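Structure first, then comments.
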Amino acid sequence: MPNVYLDHAATTPLDPRVLEAMLPYLKENFGNPSSFHSVGKDAKDALDDAREEMAKILHVRADELLFTSGGTESDNLAVLGFCRANQSHGKHLVVTAFEHHAVIEAAMHLEKKEGFEVTYLSPDHDGMISLEQVMAAIRPDTILVSVMYANNEIGTIQPIGEIGNAIQKHRKQNPNTMPCLQPGNFQFPVFHTDACQATGALDLDVEKLHVDLMTINGSKMYGPKGVGALYVRRGVKIQPLQFGGSQEKGIRPGTENVAGIIGMAKALEIAQGERVAESQRLVVLRDMLIAGIRERVPKVRLNGHPTKRLPNNVNISFMDLEGEAFILYLDASGIYASTGSACTSTTLDPSHVILALGLPYEVAHGSVRFSLGHSTTADDIQYVLETIPPLVAKLRALSPVRVDPKYYV
Amino acid sequence: MSDYNQPPVIGKAGDVTTKDGGKSWFYTDVVKDHFFNPRNFMHEDANPDDYNAIGKVGSPACGDELRVWMKVDPATEKILDFRWKTFGCGSAIASTSMASLMVTENGGMTLSEARTIKPQHIMDRLGGLPARKFHCSVLCDKALRDAINDFYRRTDQVDKMVVEASRIIDPVSKVTDHDIEEAVLDGATTIEAVQAKTKVGIGNPSVLPAVEELIRFYREKYFGA
């Protein structure tokens with residue numbers, strides 16, 4: 001049976017070149033970078049090199065990169081760690097309604113438990129956030145704005161550079177004037193973006209994005225799982241979420257995941273080096289899949305903007321059927337995808353991303369994400385296109401639901 | 001084709017029942033058989049008038065909708081045919097398919113026998129379901145009882161209809177014990193999660209101890225913990 005993995009937005013396999021870079025640090029170079037001897041120093045040097053390399057690619061200073069355990073921790077530090085450290089300057093934050101859970105749940109926690117106010121920006125029907133919308137939500141007491149670079153479910157790419165630029169201008173023109181604050185403070189709001197899904201496809205030059213905080217992780221770009229980074233612009237204060245040693249300036253204590261960090265640095269180098277060519281290749285396959293499904297399967301809807309989306313993301317709602325059942329049918333045919341259906345989530349709530357587009361529950365339940373990657377070929381797409389129609393027909397025959405045509409016509 | 005020299009993520013032949021307390025999403029071979037080859041579903045070209053009772057439960061907004069059609073012999077009250085359609089996940093399809101088999105095998109159950117079917121009976125025949133998917137099999141016994149009532153309604157035997165009474169727990173939010181049961185089955189096993197789903201006790205905290213007791217009761221009933 002074919003083996004077509006189309007869930008690269010969930011995670012990617014390790015690139016062999018990344019594995020090769022990591023291996024010495026899992027074997028002979030096992031030292032603790034904090035140790036005061038040669039073995040430790042070797043590890044420390046390698047860690048410093050990895051930090052330098054990543055900093056160069058992101059166009060930041062090495063001391064502005066914080067290594068973490070992954071995207072979730074980086075997002076949590078950016079939201080919880082930043083807001084807690086800066087709450088004397090205001091207790092309002094702006095996030096989009098379709099952020100990753102690692103941002104949105106952290107924001108909701110601040111709202112529920114720590115007296116913050118949160119504005120949730122709704123994307124438009126195509127899954128886009130506008131510059132005007134963001135700027136209109138900023139208040140004098142807003143300390144943080146968080147907008148994801150590319151959405152993990154529907155792949156839409158937000159105008160981060162434009163928003164970042166406008167926020168920087170706003171800061172210059174509107175010194176933070178909260179009564180409790182030091183006068184003439186130009187630092188707020190700070191702008192965070194979660195770029196986890198963007199690493200393989202988009203430009204990560206922080207100087208062009210005008211962000212102050214940026215989350216990336218290893219496991220979406222053919223690097224290892226369990227490792228991530230947070231870019232923190234110099235001068236931006238973050239309160240730690242865990243306590244211990246002085247690693248990562250005490251903001252993220254704990255012995256560094258040396259091999260993981262080296263793997264992430266290598267993965268970032270490869271991903272950014274190959275992103276233009278790989279994106280061109282994937283866009284063709286992506287559009288072939290979208291057009292093919294629309295041609296062969298009636299009553300479907302493409303979720304997310306048709307062109308302002310990641311080159312590897314296809315998200316389609318198949319009306320009248322339930323995603324989990326469909327995923328299991330696909331799985332039995334050797335196709336591995338994911339769904340926004342409630343049934344596959346631990347909370348049994350359907351995708352907040354699809355709901356944020358203004359679509360009803362049954363459309364969210366029927367949404368399926370195919371995320372392409374290095375291994376994806378035109379033959380894979382052809383196989384998927386041949387496999388899907390009879391499976392959809394079979395599940396629709398079992399279904400009593402008929403979704404309102406206004407959602408797919 | 002993908003060639004990561006790794007076993008597929010899911011769906012390897014033979015992945016079996018959840019003996020791990022429901023942490024896994026994998027299904028038993030019986031569940032898979034019913035899921036991939038559903039029995040007795042209502043065909044597109046079937047005539048609903050051939051059936052003398054219908055039942056319905058859930059709504060697509062909740063993620064599950066189940067409709068059933070029954071043909072009951074008025075003389076013996078035996079279920080001669082049982083058909084269904086569901087907007088539901090793998091478990092919903094499999095458990096409904098299994099239920100349709102159970103009520104029609106060996107010449108068909110009588111309505112009073114069918115009324116005693118509990119989710120546990122369906123689960124047993126399926127060899128178990130992941131704990132979180134339990135609510136799917138609760139839907140089909142409810143739809144069955146709804147159809148039984150419908151048969152008695154249509155045949156003017158209103159006295160034989162059984163109303164599933166529910167008790168109001170919170171007079172402010174009008175939340176019933178049944179609502180709490182549903183919330184627990186939907187995975188809300190803490191007071192906070194149940195409140196998020198039902199709003200119970202939000203304007204009336206005095207009812208919370210009773211709510212907690214019910215949550216514990218339903219948790220034990222359905223998840224054994």
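Can you tell me which residue among B:Arg125, B:Arg167, B:Arg83, B:Arg153 is within 30 Å of B:Asn204 (Cα to Cα) and of a type in the set (Lys, Arg)? Being within 30 Å of B:Asn204 (Cα to Cα) and of a type in the set (Lys, Arg) holds for just one of B:Arg125, B:Arg167, B:Arg83, B:Arg153, which is B:Arg167. Take the conditions within 21 Å of A:Asn151 (Cβ to Cβ) and part of a loop (DSSP other than H, G, I, E, B) and apply them to A:Val211. Does it pass? Answer is yes for this residue.
Considering region B:167-197, and only residues there that are in a loop (DSSP other than H, G, I, E, B) and touching a strand residue (DSSP E or B) at 6+ places or on another chain (Cβ under 9 Å), the residue that is farthest from B:Lys142 (Cα to Cα) turns out to be B:Lys174. Scan region B:157-175 for residues that are under 30 Å from B:Glu77 (Cβ atoms) and hydroxyl-bearing (Ser, Thr, Tyr) and the total you get is 1. Filtering region A:317-338 to residues that are facing another protein chain (nearest Cβ under 7 Å) and outside any loop (DSSP other than H, G, I, E, B) leaves A:Glu324, A:Ala325, A:Leu328, A:Asp331, A:Ala332, A:Tyr336. How many residues does region A:132-160 contain that are over 16 Å from A:Leu310 (Cβ atoms) and crowded, with 17+ Cβ neighbours inside 10 Å? Matching residues across region A:132-160 total 10. Within region A:275-294, one or more residues are within 19 Å of A:Leu395 (Cα to Cα) and at pLDDT 95 or above. Residue by residue through region B:45-64, note down the ones that are modelled with pLDDT of 85 or more and either touching a strand residue (DSSP E or B) at 6+ places or on another chain (Cβ under 8 Å) or within 11 Å of chain A (Cβ to nearest Cβ) (or both). Answer for region B:45-64, where residues must be modelled with pLDDT of 85 or more and either touching a strand residue (DSSP E or B) at 6+ places or on another chain (Cβ under 8 Å) or within 11 Å of chain A (Cβ to nearest Cβ) (or both): B:Asp45, B:Ala46, B:Pro48, B:Asp50, B:Tyr51, B:Asn52, B:Ala53, B:Ile54, B:Gly55, B:Lys56. Just one of the listed residues (B:Ser91, B:Ser95) is among the small types (Gly, Ala, Ser), within 11 Å of chain A (Cβ to nearest Cβ), more than 18 Å from A:Arg402 (Cα to Cα) and out of contact with any Asp or Glu (no Cβ under 8 Å at 6 or more places or on another chain), namely B:Ser91.
Yes/no per residue for (1) buried (at least 19 other Cβ atoms within 10 Å of the Cβ); (2) under 24 Å from A:Tyr5 (Cα atoms):
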{"position": "A:Ala198", "(1), (2)": "yes, yes"}
{"position": "A:Leu209", "(1), (2)": "yes, no"}
{"position": "A:Met214", "(1), (2)": "yes, no"}
{"position": "A:Val227", "(1), (2)": "yes, yes"}
{"position": "A:Gln247", "(1), (2)": "no, no"}
{"position": "A:Ala267", "(1), (2)": "yes, yes"}
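Rundown of residues vs (1) within 20 Å of A:Glu99 (Cβ to Cβ); (2) under 19 Å from the mean Cα position of the chain (by Cα); (3) in contact (Cβ under 8 Å) with a residue 40 or more places away in the chain, yes/no style:
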site: A:Ala267; (1), (2), (3): no, yes, yes
site: A:Ile293; (1), (2), (3): no, no, yes
site: A:Lys299; (1), (2), (3): no, no, yes
site: A:Leu321; (1), (2), (3): no, no, yes
site: A:Ile335; (1), (2), (3): no, no, yes
site: A:Val353; (1), (2), (3): yes, yes, yes
site: A:Ser371; (1), (2), (3): yes, yes, yes
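Annotation: B:Lys78 fulfils all but one of (1) at pLDDT below 60; (2) touching a strand residue (DSSP E or B) at 6+ places or on another chain (Cβ under 7 Å); the unmet one is (1). Only one entry of B:Val138, B:Val158, B:Val172 meets the criterion of being under 21 Å from the mean Cα position of the chain (by Cα) and among the β-branched types (Val, Ile, Thr), and that entry is B:Val138. For region B:70-88, give me each residue that is of a type in the set (D, E, K, R) and closer than 19 Å to A:Val401 by Cβ. If the condition is that a residue be of a type in the set (D, E, K, R) and closer than 19 Å to A:Val401 by Cβ, then B:Arg83, B:Lys85 are the ones that fit. Listed by first and then second residue, the pairs with beta-carbon distance under 6 Å, at least 6 apart or on different chains, first residue in region A:55-66 and touching a residue at least 40 places away in the same chain (Cβ under 8 Å), second among the hydroxyl-bearing types (Ser, Thr, Tyr) and in a helix (DSSP H, G or I), form an empty list. Of the helices (runs of 4 or more DSSP H) lying entirely inside region B:66-158, the ones with 1 or more residues being touching a residue at least 24 places away in the same chain (Cβ under 8 Å) and either small (Gly, Ala, Ser) or on the phi > 0 side of the Ramachandran plot (or both) are found at B:90-104, B:111-114, B:134-154.
Residue-wise test of (1) polar (S, T, N, Q); (2) within 14 Å of chain B (Cβ to nearest Cβ); (3) surrounded by 22 or more Cβ atoms within 10 Å (Cβ to Cβ); (4) closer than 24 Å to A:Gly250 by Cα.
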| site | (1), (2), (3), (4) |
| --- | --- |
| A:Ala10 | no, yes, no, no |
| A:Pro13 | no, yes, no, no |
| A:Tyr25 | no, no, yes, yes |
| A:Glu53 | no, no, no, yes |
| A:Glu64 | no, no, no, yes |
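Residues checked against (1) within 15 Å of A:His92 (Cα to Cα); (2) more than 13 Å from the chain's Cα centre (by Cα); (3) at pLDDT 95 or above; (4) of a type in the set (A, V, I, L, M, F, W, C):
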{"position": "A:Gln158", "(1), (2), (3), (4)": "no, no, yes, no"}
{"position": "A:Gln182", "(1), (2), (3), (4)": "no, yes, no, no"}
{"position": "A:Asn185", "(1), (2), (3), (4)": "no, yes, no, no"}
{"position": "A:Phe188", "(1), (2), (3), (4)": "yes, yes, no, yes"}
{"position": "A:Ala198", "(1), (2), (3), (4)": "no, no, yes, yes"}
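Among the residues making up region A:303-319, those that are polar (S, T, N, Q) and either touching a residue at least 12 places away in the same chain (Cβ under 8 Å) or on the phi > 0 side of the Ramachandran plot (or both) are A:Asn303, A:Asn312, A:Asn313, A:Asn315, A:Ser317.
In region A:389-404 there is no residue that is within 30 Å of the chain's Cα centre (by Cα), crowded, with 24+ Cβ neighbours inside 10 Å, within 12 Å of another protein chain (Cβ to nearest Cβ) and part of a loop (DSSP other than H, G, I, E, B).
This table checks each residue for (1) crowded, with 22+ Cβ neighbours inside 10 Å; (2) among the acidic types (Asp, Glu); (3) modelled with pLDDT under 85.
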site: B:Gly127; (1), (2), (3): no, no, no
site: B:Pro130; (1), (2), (3): no, no, yes
site: B:Ala147; (1), (2), (3): yes, no, no
site: B:Phe151; (1), (2), (3): yes, no, no
site: B:Val172; (1), (2), (3): no, no, yes
site: B:Glu192; (1), (2), (3): no, yes, no
site: B:Ser206; (1), (2), (3): no, no, yes
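Got at least one residue in region A:295-303 being more than 13 Å from every other protein chain (Cβ to nearest Cβ), surrounded by 24 or more Cβ atoms within 10 Å (Cβ to Cβ) and not hydrophobic (A, V, I, L, M, F, W, C)? There is at least one residue in region A:295-303 that is more than 13 Å from every other protein chain (Cβ to nearest Cβ), surrounded by 24 or more Cβ atoms within 10 Å (Cβ to Cβ) and not hydrophobic (A, V, I, L, M, F, W, C). Taking the criterion of being farther than 19 Å from A:Asp205 by Cα and among the acidic types (Asp, Glu), the only residue of region A:50-74 that qualifies is A:Glu73. The set of residues from region A:58-99 being more than 18 Å from the chain's Cα centre (by Cα) and among the hydrophobic types (A, V, I, L, M, F, W, C) comprises A:Val60, A:Ala62, A:Phe82, A:Cys83, A:Ala85, A:Leu93. Count of region A:348-370 residues, restricted to those that are within 13 Å of chain B (Cβ to nearest Cβ) and not in a strand (DSSP E or B), is 14.
The values are calculated or read from the model by the stated rules, or taken from the named source; none is laboratory data. This structure is a prediction, so every number in the text was calculated from the model and none was measured. Quick reminder, even Gly has a Cβ in these numbers, built from the backbone with ideal geometry, and neighbours come from all protein chains shown.
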